[in-house]
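The values are calculated or read from the model by the stated rules, or taken from the named source; none is laboratory data. In this text, all values refer to a predicted model and were calculated from it rather than measured experimentally. Cβ sites come from the backbone with ideal geometry, for glycine too, and all protein chains shown count toward neighbours. Accessible surface areas use protein heavy atoms only, side chains included; no ligands, DNA or RNA. Shrake-Rupley method; radii C 1.70, N 1.55, O 1.52, S 1.80 Å.
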Amino acid sequence: MALYSWVQRGWRCGQTWAPLLGGGYRELSATQARQLLGRRFNLLLQQKCGFRKAPRKVEPRRSDTGSSGEAYKRSALIPPLEETVFYPSPYPVRTLLKPFFFTVGFTGCAFGSAAIWQYESLKSRVQSYFDGIKADWLDSIRPQKEGNLRKEINKWWNSLSDGQRTVTGIIAANALVFCLWRVPSLHRTMIRYFTSNPASKVLCSPMLLSTFSHFSLFHMAANMYVLWSFSTSIVNILGQEQFVAVYLSAGVISNFVSYVCKVATGRYGPSLGASGAIMTVLAAVCTKIPEGRLAIIFLPVFTFTAGNALKAIIAMDTAGMILGWKFFDHAAHLGGALFGIWYITYGHELIWKNREPLVKIWHEIRTNGPKKGGGSK
């Protein structure tokens with residue numbers, strides 16, 4: 001076999017065969033070489049030359065080291081991406097410009113919309129006060145139907161706290177997106193718009209949409225359980241409108257932090273899930289009520305303070321981001337936790353308590369907008 005390999009290399013490169021065959025110093029053609037080697041080596045030579053190297057498949061562009069596909073199959077929480085090709089920018093810093101402006105603009109719009117929503121909610125609450133009294137009176141004199149499904153649903157809905165009613169819509173949206181992941185024909189669309197990746201052609205909208213996206217049932221169930229558990233506390237602290245603004249902004253901000261980390265380290269890959277936004281909720285509650293007692297769902301016997309839990313989570317995510325752990329997007333977790341701490345400590349005073357000028361402008365538009373002539377009272 002060694003002689004065969006030497007002969008093959010000489011034949012391919014057009015070198016002389018004399019040193020290999022030991023018979024003179026003249027160049028032999030391929031036909032002469034086969035005749036000298038005999039039928040046995042001729043068969044081996046034909047077999048070797050008959051198999052051509054298969055063309056290399058186009059693989060997703062990635063900067064991680066390791067075997068092919070490892071960067072995108074690093075977690076069971078992420079959908080399979082064998083057929084998806086990403087396009088990292090040759091200028092990574094420029095990749096962050098659009099996501100940065102989108103993050104700033106979306107956060108401003110979220111809090112502005114929440115301020116207007118609160119204004120309209122208070123206004124409609126006053127107007128519907130007497131309508132509610134009338135509806136209660138009609139229900140008291142109207143004969144009640146036994147086994148009415150609508151009545152049971154209303155009874156269940158009224159038994160929920162304000163926070164639980166607020167997050168019910170968020171949980172329903174996550175469940176709907178989870179069902180869309182089960183449709184094979186939608187996989188390309190879901191990967192394009194419901195996973196965030198700085199190497200993707202679509203950068204901005206997935207920063208929000210991926211907050212409602214889960215590929216794994218366990219991932220979604222764990223996140224929604226934590227959100228449901230902390231919903232009452234966070235809504236009591238912030239209020240319904242402010243909580244929705246913080247939650248949506250946290251999803252975008254945590255994804256932007258993930259973008260920055262991926263571009264800085266070159267570890268491109270898709271991310272999805274509400275973990276970044278939920279980390280903001282958890283960090284905000286733990287910062288506001290550090291002496292509160294928490295427990296792990298599978299180990300309810302062991303309890304610990306909220307402050308210690310927050311420190312442990314931040315330490316774990318910091319280590320995971322530095323060491324490159326791939327099961328979770330630790331940069332997004334850390335970004336969400338830091339945003340929650342900052343908002344409870346400083347953001348509430350800087351943003352929410354300065355909403356009065358916007359509310360006054362909206363009040364003027366609502367009051368004087370329909371009138372012709374533009375006169376003021």
- Before we move on, is VAL281 closer than 26 Å to THR168 by Cα and at pLDDT 90 or above? yes
- Query: Do you know which residues across the stretch 295-354 are of a type in the set (Lys, Arg) and free of Cβ contacts under 8 Å to residues at least 24 places away in the same chain?
  - Reply: LYS311, LYS353
- Does ARG188 fit the bill of being free of Cβ contacts under 8 Å to residues at least 24 places away in the same chain and either more than 25 Å from LYS288 (Cα to Cα) or under 15 Å from the mean Cα position of the chain (by Cα) (or both)? no
- Note on the structure: Of the residues in the stretch 260-287, those that are closer than 25 Å to LYS311 by Cβ and not in a helix (DSSP H, G or I) come to SER271, GLY273, ALA274
- Task: Output the residues belonging to the stretch 299-325 that are open to solvent by 70 Å² or more (accessible area, probe 1.4 Å), assigned to a helix (DSSP H, G or I) and over 24 Å from SER258 (Cα atoms).
- Result: ASN308
- Which pairs do you get when a residue that is free of Cβ contacts under 8 Å to residues at least 60 places away in the same chain, found in the stretch 191-203, comes within reach of a residue that is part of a loop (DSSP other than H, G, I, E, B) and of a type in the set (A, V, I, L, M, F, W, C), reach meaning Cβ atoms under 6 angstrom, with the pair 6+ apart or on two chains? ARG192/VAL202
- Task: Scan the stretch 261-269 and give yes if some residue there is basic (Lys, Arg), modelled with pLDDT under 95 and open to solvent by 20 Å² or more (accessible area, probe 1.4 Å), otherwise no.
- Result: yes
- Message: Taking the conditions exactly as written (at pLDDT below 90, part of a loop (DSSP other than H, G, I, E, B) and surrounded by 14 or more Cβ atoms within 10 Å (Cβ to Cβ)), does GLY373 satisfy them or not?
- Response: no
